[in-house]
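**Student:** Just dropping this structure here.
The values are calculated or read from the model by the stated rules, or taken from the named source; none is laboratory data. Note that this is a predicted model, so its numbers are computed, not measured. We place every Cβ from the backbone using ideal geometry, glycine too, and count neighbours over all the protein chains shown.
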Amino acid sequence: MSWGLRNRLDRVLPGLPNGTGSVMFAIDHGYFMGPTTGLEDPRKTIVPLLPHADSLMLSRGILQNSIPKRTNIPIVLRVSSGNSILNDDMSNEKLCVSVEDAIRLNVSAVAFSIYIGGAYEHQTIVEFSKLVNDAHRYGIPVLAVTAVGKDMNRDLRYLSLASRIAVELGADIVKTYYCDGFNELIGACPVPVVIAGGKKVPELEALKFAHNAVSDGAAGVDMGRNIFQSDSPENMIQAVRSVVVDGADPNDAYEQYKSSL
Ligand code: R5P
């Protein structure tokens, strides 16, 4: 691994060198969902949470329009797109942001969705592989977003399959979902794995699966809706952080969350 790639990877996931978890804050939803609940005014929601996140995953437009230029937070830029929630099949994505533009935006990593089992599986795998070729030429790590789509069966068998394929294609970070038997998925993925939060669930539930994922070997979370759709996003991201980074018990973190409401 080149010095640049290693350095950027450790900036995106600063817990990696000392074996703790990291908090990536996912706010890229609008690229196919439009003004997602909680992100209607992205700047208003995001800016107060920046001090509590290790890195930000977002689209080019929100980076340019809603994130202060003087921030030092490492950016993971979504570079795949091509559809919206108005279509039944959401797997028809391609590379839509060049690596040159990602470098111009001073990002620390790029993110691309692969749709294993989806109608456009082949297209997204080939596009992803070409992105790895290009990004690695400049020492830019590539995060593979797996298991996205409306009808995916998010069990261990499917998530392990999708995650391992991402590793085989050259992903530097795999983003997937937590599931029963998650430690087996981790065992089959020799790169850092982060979990998405998925749809909003009660805060304690989200804190518990974040805790379980890190206990099973995840490198952290890449969580969105369970933070920005919380009754108190600022309290929630701090609770997530205490579980993922500091190893707090999720029940204690939840008590802390409630007491500061
Ligand atoms: C999905 O394609 C997006 O990449 C989201 O960033 C991802 O689903 C994580 O967000 P959430 O925790 O809301 O599921």
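**Student:** Which residue is nearest to Ser215 (Cα to Cα), if the candidates are limited to segment 8-48 and must be without any contact (Cβ under 8 Å) to a residue 60 or more places away in the chain, more than 16 Å from the ligand (Cβ to nearest atom) and surrounded by 12 or more Cβ atoms within 10 Å (Cβ to Cβ)?
**Tutor:** The selected residue is Pro14.
**Student:** Among the residues that make up segment 69-84, is at least one of them more than 25 Å from Pro192 (Cα to Cα), within 15 Å of the ligand (Cβ to nearest atom) and either crowded, with 22+ Cβ neighbours inside 10 Å or in contact (Cβ under 8 Å) with a residue 40 or more places away in the chain (or both)?
**Tutor:** yes
**Student:** Take segment 188-204 and flag every residue that is assigned to a loop (DSSP other than H, G, I, E, B), away from the ligand (no atom under 13 Å from the Cβ) and touching a strand residue (DSSP E or B) at 6+ places or on another chain (Cβ under 9 Å). It would help to see each step written out before you state the result.
**Tutor:** Going residue by residue through segment 188-204, those that are assigned to a loop (DSSP other than H, G, I, E, B) are 188-192, 196-202.
Remaining after also requiring away from the ligand (no atom under 13 Å from the Cβ): 188-192, 202.
Correct list: Cys189, Val191, Pro192.
**Student:** For segment 186-201, which positions are in contact with a helix residue (DSSP H, G or I) (Cβ under 7 Å, 6 or more places away or on another chain) and of a type in the set (Val, Ile, Thr)? Let's see the steps before the verdict.
**Tutor:** Just the residues of segment 186-201 that are in contact with a helix residue (DSSP H, G or I) (Cβ under 7 Å, 6 or more places away or on another chain), to begin with: 188-193, 195, 197, 199-201.
Across segment 186-201, the qualifying residues are Val191, Val193, Ile195, Val201.
**Student:** Only residues that are part of a loop (DSSP other than H, G, I, E, B), among the polar types (S, T, N, Q) and within 10 Å of the ligand (Cβ to nearest atom): list them for segment 210-238, please. Write out each step before concluding.
**Tutor:** Of the residues in segment 210-238, the ones part of a loop (DSSP other than H, G, I, E, B) are 216-219, 224, 229-232.
Those left that are additionally among the polar types (S, T, N, Q): 229-230, 232.
Gln229, the sole residue that qualifies.
**Student:** Return only the number of the condition from (1) assigned to a loop (DSSP other than H, G, I, E, B); (2) away from the ligand (no atom under 12 Å from the Cβ); (3) more than 17 Å from the chain's Cα centre (by Cα); (4) among the aliphatic types (A, V, I, L, M) that Val107 does not satisfy.
**Tutor:** Exception for Val107: condition (3).
**Student:** Another question, if that's okay. Looking at the structure I just gave you, is Val97 among the β-branched types (Val, Ile, Thr), assigned to a strand (DSSP E or B), within 22 Å of Phe25 (Cα to Cα) and modelled with pLDDT of 95 or more? Please lay out each step first, then the result.
**Tutor:** On the way: among the β-branched types (Val, Ile, Thr): yes; assigned to a strand (DSSP E or B): no; within 22 Å of Phe25 (Cα to Cα): yes; modelled with pLDDT of 95 or more: yes.
Considered against the rule, which asks whether it is among the β-branched types (Val, Ile, Thr), assigned to a strand (DSSP E or B), within 22 Å of Phe25 (Cα to Cα) and modelled with pLDDT of 95 or more, Val97 comes out as no.
**Student:** Out of Leu143, Leu185, Leu207, report the one residue that is crowded, with 24+ Cβ neighbours inside 10 Å, more than 16 Å from the ligand (Cβ to nearest atom) and more than 18 Å from Gly19 (Cβ to Cβ).
**Tutor:** On the way: Leu143 fails: more than 16 Å from the ligand (Cβ to nearest atom); Leu207 fails: more than 16 Å from the ligand (Cβ to nearest atom).
One residue alone meets the criteria, Leu185.
**Student:** Let me ask you something else. Please list, ordered by first then second residue, the pairs with beta carbon atoms under 6 Å, 6 or more apart or interchain, first in segment 242-261 and of a type in the set (A, V, I, L, M, F, W, C), second part of a loop (DSSP other than H, G, I, E, B).
**Tutor:** What qualifies is Val244/Gly21; Val245/Thr20; Val245/Gly21; Leu261/Ser232.
**Student:** Please state which of the following conditions Gln256 fails to meet, knowing it meets all the rest: (1) under 24 Å from Arg11 (Cβ atoms); (2) away from the ligand (no atom under 12 Å from the Cβ).
**Tutor:** Among (1) under 24 Å from Arg11 (Cβ atoms); (2) away from the ligand (no atom under 12 Å from the Cβ), Gln256 violates only (1).
**Student:** Within segment 59-77, track down each residue that is more than 13 Å from Val47 (Cα to Cα) and either in contact with a helix residue (DSSP H, G or I) (Cβ under 6 Å, 6 or more places away or on another chain) or of a type in the set (A, V, I, L, M, F, W, C) (or both).
**Tutor:** Scanning segment 59-77 gives Ser59, Pro74, Ile75, Val76, Leu77.
**Student:** Now a separate question. Report yes if Cys179 is in a loop (DSSP other than H, G, I, E, B), over 15 Å from the mean Cα position of the chain (by Cα) and under 22 Å from Glu127 (Cα atoms), otherwise no.
**Tutor:** Details: in a loop (DSSP other than H, G, I, E, B): yes; over 15 Å from the mean Cα position of the chain (by Cα): yes; under 22 Å from Glu127 (Cα atoms): no.
No; evaluated as a whole, the condition is false for this residue.
**Student:** In this structure, does Ser91 turn out to be in contact (Cβ under 8 Å) with a residue 24 or more places away in the chain, assigned to a loop (DSSP other than H, G, I, E, B) and surrounded by fewer than 19 Cβ atoms within 10 Å (Cβ to Cβ)?
**Tutor:** Working: in contact (Cβ under 8 Å) with a residue 24 or more places away in the chain: yes; assigned to a loop (DSSP other than H, G, I, E, B): yes; surrounded by fewer than 19 Cβ atoms within 10 Å (Cβ to Cβ): no.
No, not satisfied.
**Student:** Another question, if that's okay. So Leu5 clears everything in (1) buried (at least 20 other Cβ atoms within 10 Å of the Cβ); (2) in contact with a His (Cβ under 8 Å, 6 or more places away or on another chain); (3) assigned to a helix (DSSP H, G or I) except one condition, right? Which one?
**Tutor:** The one condition Leu5 does not meet is (1).
**Student:** Moving on. Could you grab me the full set of residues in segment 110-124 that are assigned to a helix (DSSP H, G or I) and surrounded by 17 or more Cβ atoms within 10 Å (Cβ to Cβ)?
**Tutor:** Let us first name the residues in segment 110-124 that are assigned to a helix (DSSP H, G or I), namely 121-124.
Result: Gln123, Thr124.
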